[in-house]
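One structure is given below, encoded as structure tokens.
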Amino acid sequence: MDEFYYLVALAFIEQGDSRLMPIGGKSIKGSDPQVQPPQQLIESISLELLVRLINRSKDGAIRSAAGEQSILLLKIPMISMQENLPSIKADWLRTGETDHCMNKLHEISNSIWHLSFEKYKGIKLTELKK
């Protein structure tokens with residue numbers, strides 16, 4: 001039976017005195033857990049997250065809360081996404097301990113990539129190792 005994966009884009013951001021972690025994504029059926037997702041899917045999910053961030057800025061300035069690793073893409077089994085991601089998010093929102101959160105994300109994800117933009121090339125993924 002094919003396992004279902006979820007491709008999740010998330011951001012570690014701050015707005016005023018609050019931490020925020022917007023999350024978006026799409027399911028992927030039966031893909032190799034270690035293979036990078038198709039570029040079109042990466043761009044679609046990334047664009048959705050970035051539009052949400054821009055819309056959020058209407059309520060005040062936003063800033064990254066984890067440096068270069070503030071915008072991530074995760075490939076995660078659907079069951080882990082449903083059972084573990086909400087508590088990891090809640091823990092980070094409460095404590096702001098990014099290193100601890102990253103360790104927990106590595107435990108439940110098959111792959112994690114940092115998203116960046118490279119002029120003339122578009123969105124670039126850099127895999128983050130544990």
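Readers should treat all values here as calculations from the given coordinates under stated rules, not as data from a laboratory. Only a predicted model underlies this, so the values are computations on that prediction, with no experimental measurement involved. Glycine gets a Cβ as well: all are built from the backbone with ideal geometry, and neighbour counts include every protein chain shown.
Values for this structure:
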{"quantity": "Enumeration of residues in the stretch 74-109 that are touching a residue at least 12 places away in the same chain (Cβ under 8 Å) and in contact with a Cys (Cβ under 9 Å, 6 or more places away or on another chain)", "calculated": "Ile88, Lys89, Asp91, Trp92"}
{"quantity": "Leading residue by the ranking (nearest to Glu127 (Cα to Cα)) among those in the stretch 75-88 that are in contact with a strand residue (DSSP E or B) (Cβ under 8 Å, 6 or more places away or on another chain) and crowded, with 18+ Cβ neighbours inside 10 Å", "calculated": "Lys75"}
{"quantity": "Scan of the stretch 43-70 for residues that are touching a helix residue (DSSP H, G or I) at 6+ places or on another chain (Cβ under 8 Å) and more than 15 Å from Gln15 (Cβ to Cβ), ordered by number", "calculated": "Gln69"}
{"quantity": "Residues of the stretch 86-112 classified as assigned to a helix (DSSP H, G or I) and of a type in the set (Ser, Thr, Tyr), total", "calculated": "3"}
{"quantity": "Residue in the stretch 71-78 that is assigned to a helix (DSSP H, G or I) and either within 15 Å of Leu7 (Cα to Cα) or hydrophobic (A, V, I, L, M, F, W, C) (or both) present", "calculated": "yes"}
{"quantity": "Qualifying residue in the stretch 28-35 (condition: surrounded by 15 or more Cβ atoms within 10 Å (Cβ to Cβ), touching a Leu at 6+ places or on another chain (Cβ under 9 Å), among the hydrophobic types (A, V, I, L, M, F, W, C) and without any contact (Cβ under 8 Å) to a residue 60 or more places away in the chain)", "calculated": "yes"}
{"quantity": "Lys119, sole failed condition from (1) in contact with a helix residue (DSSP H, G or I) (Cβ under 6 Å, 6 or more places away or on another chain); (2) loosely packed, with under 11 Cβ neighbours inside 10 Å; (3) of a type in the set (Lys, Arg)", "calculated": "(1)"}
{"quantity": "Candidate set from the stretch 42-74 (those that are more than 14 Å from the chain's Cα centre (by Cα) and among the charged types (D, E, K, R)); member that is surrounded by the fewest Cβ atoms within 10 Å (Cβ to Cβ)", "calculated": "Lys58"}
